[in-house]
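Single-structure report; data block below.
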Amino acid sequence: MNKYIKIAVAALLILGGLYMMIFTRNLGWGIVIFLLSALPIFLFFKNENILLAFWQLRKQDMVKASKFLTNITDYKSQLHKTQYGYYHYLQGLVLAQDHPTKVEPLMKKALEYGLNMKHDRAMATLNLAAGAISRGRRQEGQRLLDEAKALDTAGMMTDQIKMMKDQLKMPTMQKHIHNPHMRNRGKF
């Protein structure tokens, strides 16, 4: 649903509540309708599909979370500006297990649009670090891991950060694999 339709519904509910309280003298129902107008206002700032996708991710059900995210067809018309980052963040988390190569641009967009919570920024930075390490960009991966460690004030991702730092310490196989036929090449 378009975000401005929610504001229109909230305005109609407020007007209906005021009409019930002032003109019909039905104070109880007027207050109930007036309070119900808070729901569309809340859903203007926090999209229902994003909230449901977060709930499904918490239950580790990636299929349902993906289904809720596909309900958002045009994120710029359906979401508030503060939700753009979380839309890309959730898409990246859903795609992380099946398509790890598609995660990095989504996490970059999520950080570009902005994430409110520090642990969400830490998770996005950790995913960027994993992508950088897997592509052989060790210095960028180290920088991103240090940034993720600084953002992880609660210590929820210390194990993952430690595991990735250990992975950075291991030598890359590309430098140590030698072609046995290369030794025999010489001048003759």
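The values are calculated or read from the model by the stated rules, or taken from the named source; none is laboratory data. Keep in mind it's a predicted model, so treat the numbers as computed, not measured. Note: ideal-geometry Cβ built from the backbone for every residue, glycine included; neighbour counts use all protein chains shown.
Of the residues that sit in the range 116-139 and are more than 28 Å from Thr82 (Cβ to Cβ) and either in contact with a helix residue (DSSP H, G or I) (Cβ under 6 Å, 6 or more places away or on another chain) or not small (Gly, Ala, Ser) (or both), which one is modelled with the highest pLDDT? Among residues in the range 116-139 that are more than 28 Å from Thr82 (Cβ to Cβ) and either in contact with a helix residue (DSSP H, G or I) (Cβ under 6 Å, 6 or more places away or on another chain) or not small (Gly, Ala, Ser) (or both), the one modelled with the highest pLDDT is Gln139.
Looking at Ser37, Ser77 in this structure, which one is among the polar types (S, T, N, Q), under 30 Å from Gly17 (Cβ atoms) and touching a Lys or Arg at 6+ places or on another chain (Cβ under 8 Å)?
Numbers: Ser37 fails: touching a Lys or Arg at 6+ places or on another chain (Cβ under 8 Å).
Among Ser37, Ser77, only Ser77 is among the polar types (S, T, N, Q), under 30 Å from Gly17 (Cβ atoms) and touching a Lys or Arg at 6+ places or on another chain (Cβ under 8 Å).
Being under 16 Å from the mean Cα position of the chain (by Cα) and β-branched (Val, Ile, Thr), is that true of even one residue in the range 29-42? No, there is no match, as no residue in the range 29-42 is under 16 Å from the mean Cα position of the chain (by Cα) and β-branched (Val, Ile, Thr). Of the candidates Asn26, Asn71, Asn2, Asn47, the single residue that is under 19 Å from Asn116 (Cα atoms) and of a type in the set (S, T, N, Q) is Asn47. Of all residues in the range 125-150, those that are on the phi > 0 side of the Ramachandran plot have Cβ atoms under 9 Å from Cβ atoms of residues that are in a loop (DSSP other than H, G, I, E, B), 6 or more apart or on another chain, in Gly136/Thr172.
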